[in-house]
Amino acid sequence: KATIALRGVHKTYGRTTALDGLELDVREGEFFCLLGPSGAGKTTTLKTVAGLELPDSGAVLLDGADMKGVEPYDRGVAMCFESYALYPHKSAYDNLASPLRSPRHRLPAAEARERIGAIAELLGISALLDRPVGRLSNGQRQRVALGRVLVRPARAFLLDEPLSHLDAKLRQQMRAELKAIGAVQHTTTLYVTHDSVEALALGDRIGVIREGRIVQTGTREEIWYQP
Ligand code: ADP
Ligand code: ADP
């Protein structure tokens, strides 16, 4: 059964069609990359899943349940946008901890500490946890932002170009880390990128989106060997 399903989703902004009858299935536990050029409708797809945009028509299903009328906070998905919303004056630890302090995700303190410790280790930021986020490098900040998403228990992670601000070397390093995290957590992930190298490196499956439609879906091998 699909964790995330979009059925014939249409979304327009004025005269611009962002999603044109989009069909998408993301299976439980898989790392699914949505790959397409700028303006193809990737971010709109994520926002629609998260409930930040409402489809003009069509349906969004999470674990088979129609999300019509379900508020973003009640959808159980965790999202990371390109512009990372961090608290610059708070420590990296507090930035990671804040989602776990909200009523919806509150965890017992010991469990929260353990979760934060594990995520920090996976992301290679254990030694930075006491530092204010405003004094970290770009790459370090991006790790904290990712950590903030990955730390909360969620039925799916929605990641919007999370590596786009990094230089090539860091990007490659973090790809490997993301893969490791996926292997450990097995949480369904919908990952948006315009970078085919990234999609091929990360995706269990890849969906190619163009002009608001999925034009191709397959495993890495299936997509790779397309002429
Ligand atoms: P992508 O993430 O693939 O770059 P988007 O989902 O952001 O694509 O955008 C899809 C289309 O919808 C683009 O043509 C974009 O300009 C348009 N669009 C997205 N958001 C808005 C908005 N808030 N207002 C008007 N047009 C928008
Ligand atoms: P949750 O989203 O689960 O309630 P968060 O701690 O992530 O928990 O967010 C709490 C609120 O603080 C949200 O409304 C979020 O948008 C907001 N927020 C998060 N980061 C910042 C920031 N850097 N500046 C201002 N508001 C923020």
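Bear in mind these aren't lab numbers, they're just calculated from the coordinates by the rules spelled out. No experiment lies behind these values; they were computed from the predicted model shown. Ideal geometry is used to build each Cβ from the backbone, glycine not excepted, and the neighbour counts take in all protein chains shown.
Here are some notes:
- A Cβ-based charge dipole, computed about the Cα centre of the chain with Lys and Arg at +1 and Asp and Glu at -1, lands at about 560 debye.
- Sorted peptide list for 24-35, 53-64, criterion being average Cβ within 10 angstrom, highest first: 24-35, 53-64
- Note on the range 41-167: percent of Cα-Cα distances in each 5 Å bin, starting at 0 and stopping at the bin with the largest distance, equals 2, 11, 20, 20, 18, 14, 9, 5, 2, 0.
- In whole percents, the pair-distance distribution calculated for the range 20-89 from its alpha-carbon pairs, binned every 10 Å from zero, is 16, 50, 29, 5, 0.
- Charge tally for Ala176 (other residues, Cβ to Cβ under 12 Å; Lys, Arg +1; Asp, Glu -1): +2.
- Set of lysines near Lys68 by C-alpha distance (under 21 Å), chain-local residues within fewer than 8 positions excluded: Lys1, Lys11, Lys42, Lys47
- Shown here: the chain, whose C-alpha atoms stretch 47, 41, 34 Å along the first, second and third principal axes, sorted largest to smallest.
- Rounded Å value of the spacing that divides the Cα centres of the range 1-69 and the range 164-223: 17
- If R0 is taken as 45 Å, the Cβ-Cβ distance between Arg220 and Ser102 corresponds to a FRET efficiency of 0.80.
- Fully extended contour minus Cα-Cα distance, from Thr12 to Asn138, at 0.36 nm per residue: 42.0 nm
- Among 117-130, 198-211, the order from most to least packed when residues are scored by Cβ within 10 Å on average: 198-211, 117-130
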